[in-house]
1. List, please: which pairs have Cβ atoms under 8 Å, are six or more places apart or on different chains, and start with a residue in region 54-73 that is farther than 17 Å from E115 by Cβ and touching a residue at least 24 places away in the same chain (Cβ under 8 Å) and end with one that is basic (K, R) and crowded, with 22+ Cβ neighbours inside 10 Å?
2. I'd like to know if region 299-322 contains one or more residues that are over 19 Å from the mean Cα position of the chain (by Cα) and farther than 23 Å from E345 by Cα.
3. Can you pull out the residues in region 218-241 that are of a type in the set (S, T, N, Q) and assigned to a helix (DSSP H, G or I)?
4. For region 303-340: of the residues being among the hydroxyl-bearing types (S, T, Y) and more than 16 Å from L359 (Cβ to Cβ), which is modelled with the lowest pLDDT?
5. Counting only residues that are among the hydrophobic types (A, V, I, L, M, F, W, C) and either part of a helix (DSSP H, G or I) or under 17 Å from the mean Cα position of the chain (by Cα) (or both), which one in region 151-167 is surrounded by the fewest Cβ atoms within 10 Å (Cβ to Cβ)?
6. Could you list all residues from region 269-298 that are over 18 Å from Y316 (Cβ atoms) and basic (K, R)?
7. Please go through region 240-275 and pick out each residue that is more than 21 Å from N205 (Cβ to Cβ) and either among the aromatic types (F, W, Y) or surrounded by 24 or more Cβ atoms within 10 Å (Cβ to Cβ) (or both).
8. Sort out which residues of region 133-163 are farther than 18 Å from L78 by Cβ and among the aliphatic types (A, V, I, L, M), and write them in order of number.
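The values are calculated or read from the model by the stated rules, or taken from the named source; none is laboratory data. Quick caveat, the model's predicted, so the values are computed rather than measured. Backbone-built Cβ (ideal geometry, glycine too); neighbour counts: all protein chains shown.
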Amino acid sequence: MLCFLCRHRSALTVILLPLLAQLCLAADAASSTPFRPADPLNQAAFEHYYNLDLDAAVQDYEKILGRHPNDPFAVNHLLSAVLTRELYRMGAMNTGDYSNDNFIGVAHRPADPAEKQRIKKLVAQAEKLENAELSRNEDNIDMLYARGVTRGQFALYTALVERAWFSALRNAVGARHDHERVLELDPDYADAKLVVGAHNYVMGNLPLAVKVAVALVGLTGDKKKGLQYLSDAYYANGETSVDAGVVLMVFLRRERRYDEALQIAGTLTPRFPRNYLFPLEQANLLRAADKNADAEALYRQVWQNGREGKYGSLHYEIAAIGLGDLLRGEKKYEVAATAYEQVNEVAGADPELVQKANLGAGEMYDQLQHRDLAVKKYEAVVAANSGNAEADKARKRLKEAYRE
């Protein structure tokens, strides 16, 4: 079984994808949702978290946990904030990395050892509380749900930080099983439909041979059921309501149901104006739907908002790369090069994004027959980091000019 799954790594990817998508495009629960535990600071904490003001979110959740030390929901919220902050620092928050299997072999910046220990300590703390309650009542619905959340977060950690794929798989499967049990006990527990629905959808898209293999470990899938569960969770106005909408949007994009996905994106984008990921994903959807003029305008708006300081120190410069990619697809090579060059204007830009932008600009200069400019860009890519995929491409371009 393990050897088979090693040969079909997409099985691991799609099982983890729902959790990854939820993390990278997380949204808030509706303002009327009662957060758990009941604490007056929860609303501000969630707002900080989903605006990607992660330092403030961690501080808020620490205070909440201090007031509710035996509540696993409080532990899980702090765990999520600490993990998300570290993944963002590592450069692992770009949703485009999770559109295929490539992220499995891509090394991000290394995690901070102290943060790794803190994350594992929080996981152990949450599971101890959850398992203690479940030992007294194995059908405690809230504790089953909370444990599924803990396992889901640990799946993210083991996949993206430890890069331990089978451990991640076990935790992801454990999260699904916990939430399936919740739904057996209470079919109306809509929050649990997020992970179960997402797993059903991705399992329903697996090749037949992989479906048979993973069925042996108790996993099945139904694409239609998955989309319905996600829709149920989205409209239920629970704590995971908007998270479910985000995952649903990702899957609708895969189904080429762009209008439905754009409707969700249009609802989410205005709610957190300091989170650049929402309008960025909306622009990506517009581009996928061949609405290039609208996509270009939105990429430019995200870029301008960033320049005006509306996103703080967040890495909004990725909007310039999206714009460059769109323009090169239209064979507007000169303006595409200009778009890529904008990334170098950002103080403290993400080094990986700078590399991608320089590579793109170099390729555009080659298309424009400006070989001297192209060579300078390729040399900058290699100088920044000679050991990654962008550097490998740049070295090829140095030997032979790029042509589309």
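1. P72/R147
2. No, that holds for no residue.
3. Across region 218-241, the qualifying residues are Q228, S231, S241.
4. Result: S313.
5. F166
6. K291
7. T240, V242, A265, F272
8. L134, I141, L144, A159, L160
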